[in-house]
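Trainee: Questions regarding the structure given below will be posed in turn.
The values are calculated or read from the model by the stated rules, or taken from the named source; none is laboratory data. Everything numeric here is computed off the predicted structure, so don't read it as measured data. Note that each Cβ is placed from the backbone with ideal geometry, even for glycine, and that neighbours are counted across all protein chains shown. Surface areas here come from the heavy atoms of the whole protein model, side chains and all, with no ligands, DNA or RNA. Shrake-Rupley method; radii C 1.70, N 1.55, O 1.52, S 1.80 Å.
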Amino acid sequence: MNEADPQLIGVTAEADLAARLDRTNELLQRMLVEVAKTPSTHAIFVDAGYVYAAAGLLVTGTEDRRSFDLDAEGLIEAFIDKARTIFADSRLLRVYWYDGARRRIHTTEQQAIAELPDVKVRLGNLNANNQQKGVDSLIRTDLESLARHRAISDAALVGGDEDLVSAVEAAQGYGARVHLWGIEAGEGRNQAEPLLWEVDSQRTFDLDFCRPYVTRRPVTTYEDDTPAPSREDVRFVGAQIAAAWLAARGRESLADLLPGHPYLPGSVDQDLLVEAERLLQHSLRGHAHLRRALRDGFWQHLQAQY
């Protein structure tokens, strides 16, 4: 039996290895071609609470949403146009609009936004102090899920809360790039530094960008030449408003409010004053005793229901 020629074996092994490398390279080339054919996809994630506060403060000098109107449709379209420029070779998946609502029931404004093409409204809750709850977790869930399933390659995040850092990290862990968009702050910053450190890029929109979409509401004034209402009239109106407040928010909201008695959170107190003046058609500014009567009526009704 003849022994195999070592030199021949070596040549055969090299030829076999070369053939395998050629097949591997061919497969890689096919994969690269397929990847090149697959368009990149981006999505825009908007924390509406941040947008209202930052844009309102920049344009009108106040964060109070009751003091100005925001053209959400126009602003969303502006964000889409900006993304189209930045992600030139990418297609838009959709815009996610995150906001808060009592019992997660859409307001009329939120319904209108939800009906816009390529926009999905996601609602967290609002507590008795009009603070959003659960919005950051919704953003994280969507960002992480879309990145994990390779549904997006880039995410434009409009927000500033430090709690969003975990959402950014989760998306980046699956290969997505996260770009932080913000609104210019008059003084200092309105975005957390840890969030700025974590993202892949950042962009700030200035006053000229925001001004077309924010309009200050006219201030309602009342003639003071009519007799001031009595304390009992004001107390009764306070009870009326408390009944409406309770019907809209539910008894569970009392748990957030009652520990602060006899004081009301600033936002609730302001709502109470504005609504009372509307019902009474008389200004209560400068009438401390009437405002105390108003709060007494409000509290008295709530405590009777608890």
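Trainee: Mind checking whether some residue in the stretch 49-69 is open to solvent by 70 Å² or more (accessible area, probe 1.4 Å), acidic (Asp, Glu), within 23 Å of ASN190 (Cβ to Cβ) and out of contact with any helix residue (DSSP H, G or I) (no Cβ under 8 Å at 6 or more places or on another chain)?
Mentor: For the stretch 49-69, residues open to solvent by 70 Å² or more (accessible area, probe 1.4 Å), acidic (Asp, Glu), within 23 Å of ASN190 (Cβ to Cβ) and out of contact with any helix residue (DSSP H, G or I) (no Cβ under 8 Å at 6 or more places or on another chain): present.
Trainee: Is it true that GLU162 is touching a Pro at 6+ places or on another chain (Cβ under 7 Å) and either acidic (Asp, Glu) or surrounded by fewer than 24 Cβ atoms within 10 Å (Cβ to Cβ) (or both)?
Mentor: Answer is yes for this residue.
Trainee: What about ALA156, is it modelled with pLDDT under 95 and crowded, with 21+ Cβ neighbours inside 10 Å?
Mentor: No; evaluated as a whole, the condition is false for this residue.
Trainee: Any idea how many residues of the stretch 54-96 are outside any loop (DSSP other than H, G, I, E, B), of a type in the set (A, V, I, L, M, F, W, C), over 14 Å from ILE113 (Cβ atoms) and without any contact (Cβ under 8 Å) to a residue 60 or more places away in the chain?
Mentor: 2
Trainee: State yes or no: is ASP208 free of Cβ contacts under 8 Å to residues at least 12 places away in the same chain and open to solvent by 30 Å² or more (accessible area, probe 1.4 Å)?
Mentor: Yes; evaluated as a whole, the condition is true for this residue.
Per-residue answers, yes or no, for (1) over 18 Å from HIS42 (Cβ atoms); (2) part of a helix (DSSP H, G or I); (3) of a type in the set (S, T, N, Q):
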residue	(1), (2), (3)
TYR98	no, no, no
HIS106	yes, no, no
GLN110	yes, yes, yes
LEU116	no, no, no
ARG122	no, no, no
LEU138	yes, yes, no
LEU157	no, no, no
ALA170	no, yes, no
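Trainee: Could I ask something else about it? Going by the structure shown, is GLY186 within 19 Å of PHE79 (Cα to Cα), modelled with pLDDT under 95 and out of contact with any Cys (no Cβ under 9 Å at 6 or more places or on another chain)?
Mentor: So GLY186 does not fit the description; no.
Trainee: Could you grab me the full set of residues in the stretch 143-169 that are small (Gly, Ala, Ser) and free of Cβ contacts under 8 Å to residues at least 12 places away in the same chain?
Mentor: Within the stretch 143-169, SER145 is the sole residue that qualifies.
Trainee: Something else about it: Which one is least open to solvent (accessible area, probe 1.4 Å) among residues in the stretch 170-204 that are in contact (Cβ under 8 Å) with a residue 40 or more places away in the chain and over 23 Å from ALA147 (Cα atoms)?
Mentor: Of everything passing the filter in the stretch 170-204, ILE183 is least open to solvent (accessible area, probe 1.4 Å).
Trainee: Here is a follow-up. So, restricting to helices (runs of 4 or more DSSP H) that lie completely within the stretch 247-306, which ones have at least 2 residues that are more than 25 Å from ARG103 (Cα to Cα) and open to solvent by less than 70 Å² (accessible area, probe 1.4 Å)?
Mentor: It comes to 266-280, 288-305.
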